[in-house]
Amino acid sequence: MPSFDEVLKEAGEFGRFQKRVFFLLSQTGITFSSLFASVVFLGRAPGSFWCRIPGAAELSDRCGWTLEEERNFTVLPLLLGNESVRGECERLAVTWDTSGGCGSPLARYGNHSPPLAPCHGDWVYERPHSSIVSEYDLVCGNAWMLDLSQAILSLGFLAGAFILGYAADRYGRILTYLLSCLGVGICGIIVAFSPNFTVFMIFRFLQAMFSKGTWMTCYVIVTEIVGSDQRIVGIVIQIFFTLGIIILPGIAYLIPTWQGIQLAISLPNFLFLLYYWVVPESPRWLLTRNKGEKALKIMRNIAKHNGKFLSPHYTEITVSNQEVSNPSFLDLVRTPQMRRNTLILMYAWFTSALIYQGLVMRLGITGGNLYLDFFISAAVELPAALIIIVTIDRIGRRLPFAVSNIVASIACLITAFLPEDIPWLKTTVATLGRLCITIAFEVVYLVNSELYPTTLRNFGVSLCSSLCDLGGIIAPFLLFRLAAIWLDLPLIIFSILGAVCGFLVLLLPETKGISLPETLEDVEQL
């Protein structure tokens, strides 16, 4: 009875069929990364805005004032009498008499400035529908709610890692993928037309949850249908993640409203439903569910598309004699090797996400052209995949994994102590740190999938990567809270975390050229 890897080698380890599936599923990375980074443009500053005095809208309509004229009557007197305020979060504590004339209602105060009052929900925006900030009044005392929207997105990713990671191992890869694509599209539309911020947050959470299901599941499918020498596709697929981030500023530049941007990154997920007819279930997963006949049928189809033929005497494929069971967290820590791998990988995911997002946000503080700066910072990530492709099959996974973390750690430390009067050098070294942590981020995807058996692979990758989402939740709070104490203090924390991770990953087994483990026993023998 042949093993799966023997049958795969005969059918073609990376033939025309696998290349087609790889290309189709890789498109998921573009939509996932666009959602991942969308808050930069969905929540961009809405331009100038000010607080209306009660009655100003009615008087403005009756007198035919332009917004500029209304602003002159409401904000300028405030600025003249109070140099420390800007008219955005405070207003004059008066109510305009709409029954009077069209002259300035503040004239009766003469040279005396009326008292101030905080603004509560009556803001006027220069660009009222350009972002969720102006749509839902996320300014002044409500500004923290923009950060909350990104935290909710990360919480959705976290929930998706657990719920849909389990579903993919329990009910199948392709079924989970297709349902997740449907969920992303539907929730994305509801987010775009949310009547209030509460509905926006609920369905943004759900969209993130389903989006994580599409990304993790497509990654696992790709790595499970290719041979051990071709698993570098797990790195190549992440180039599409970077492409999504590179494309995003172009979409935002061409589409002036946040609803349009939201729809542009959500609607393509409906096209992925067409994969039902061209992307099969993972034969490795079918074998773990004792569905050998279906797996063999798919393998014959793969061989046919690759221009090869399976031996006619193949009637069954085997993975092992291990009884199939539903995955659980205890399976990931029950045996010594699995326990060590799981704990190290969870820490590596957490560290990579925390440092990566921290450095991205830190580069964004420099200001300038939002679209150009975002494009350049995203393009920095492209060499990461190329470096991995060149090195990983020559010197293995473990050494590049460790070195990238350690170099990122050193770069963060150097950046923290460089003088402020040479900002170009600080930015250059910090960018080197981002390149290295991007390499570490991409390697952990590959190594994680290679260190778990088929019965636990999707669940294990999803669970460990959930620490990535935890790092994403913590990153903005860690960055801005510590930066308030000392601007470069977050870099010291990033340096310590990266150095520890670099040494810990050296304890992981090398998986270069080794077949994917099928059982827990295979993992213990690595």
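Descriptive notes on the structure:
- Test: residue in region 345-358 that is open to solvent by 30 Å² or more (accessible area, probe 1.4 Å) and either in contact with a Ser or Thr (Cβ under 9 Å, 6 or more places away or on another chain) or modelled with pLDDT under 70 (or both): yes
- In region 292-325, the residue that is nearest to residue 214 (Cα to Cα) out of those that are at pLDDT below 85 and charged (D, E, K, R) is 293.
- Any hit, region 188-200, residues being in contact (Cβ under 8 Å) with a residue 12 or more places away in the chain and hydroxyl-bearing (Ser, Thr, Tyr): no
- Failed item, numbered, when residue 500 is tested on (1) free of Cβ contacts under 8 Å to residues at least 60 places away in the same chain; (2) surrounded by fewer than 17 Cβ atoms within 10 Å (Cβ to Cβ): (1)
- All told, residue 519 falls short of being within 30 Å of residue 224 (Cα to Cα), touching an Asp or Glu at 6+ places or on another chain (Cβ under 8 Å) and open to solvent by less than 60 Å² (accessible area, probe 1.4 Å).
- The numbered conditions (1) touching a Ser or Thr at 6+ places or on another chain (Cβ under 9 Å); (2) assigned by the TED database to the domain that holds residue 274; (3) surrounded by fewer than 20 Cβ atoms within 10 Å (Cβ to Cβ) are all true for residue 23 except (1).
- All conditions in (1) closer than 22 Å to residue 388 by Cβ; (2) open to solvent by 10 Å² or more (accessible area, probe 1.4 Å); (3) among the small types (Gly, Ala, Ser) hold for residue 483, with the sole exception of (1).
- Per-region count, region 134-150, residues part of a helix (DSSP H, G or I), closer than 16 Å to residue 50 by Cβ and in contact (Cβ under 8 Å) with a residue 60 or more places away in the chain: 1
- Filter result for residue 514 (open to solvent by 30 Å² or more (accessible area, probe 1.4 Å), more than 25 Å from residue 432 (Cα to Cα) and either in contact with an Asp or Glu (Cβ under 9 Å, 6 or more places away or on another chain) or among the hydrophobic types (A, V, I, L, M, F, W, C) (or both)): yes
- Wholly enclosed helices (runs of 4 or more DSSP H) of region 226-298 bearing at least 2 residues open to solvent by 50 Å² or more (accessible area, probe 1.4 Å): 233-254, 268-271
- Matching residues in region 175-218 - criterion: being of a type in the set (Ser, Thr, Tyr) and assigned to a helix (DSSP H, G or I): 176, 177, 180, 198, 211, 214, 217
- Qualifying residue in region 136-155 (condition: of a type in the set (A, V, I, L, M), out of contact with any helix residue (DSSP H, G or I) (no Cβ under 7 Å at 6 or more places or on another chain), farther than 30 Å from residue 294 by Cα and surrounded by fewer than 17 Cβ atoms within 10 Å (Cβ to Cβ)): yes
- Residue in region 396-412 that is outside any helix (DSSP H, G or I) and either open to solvent by 30 Å² or more (accessible area, probe 1.4 Å) or in contact with a strand residue (DSSP E or B) (Cβ under 9 Å, 6 or more places away or on another chain) (or both) present: no
The values are calculated or read from the model by the stated rules, or taken from the named source; none is laboratory data. As the structure is a prediction and not an experimental result, all values here were calculated from the model. Note: ideal-geometry Cβ built from the backbone for every residue, glycine included; neighbour counts use all protein chains shown. When the accessible area is computed, the model is the full protein with side chains, heavy atoms only, and any ligands, DNA or RNA have been set aside. Shrake-Rupley method; radii C 1.70, N 1.55, O 1.52, S 1.80 Å.
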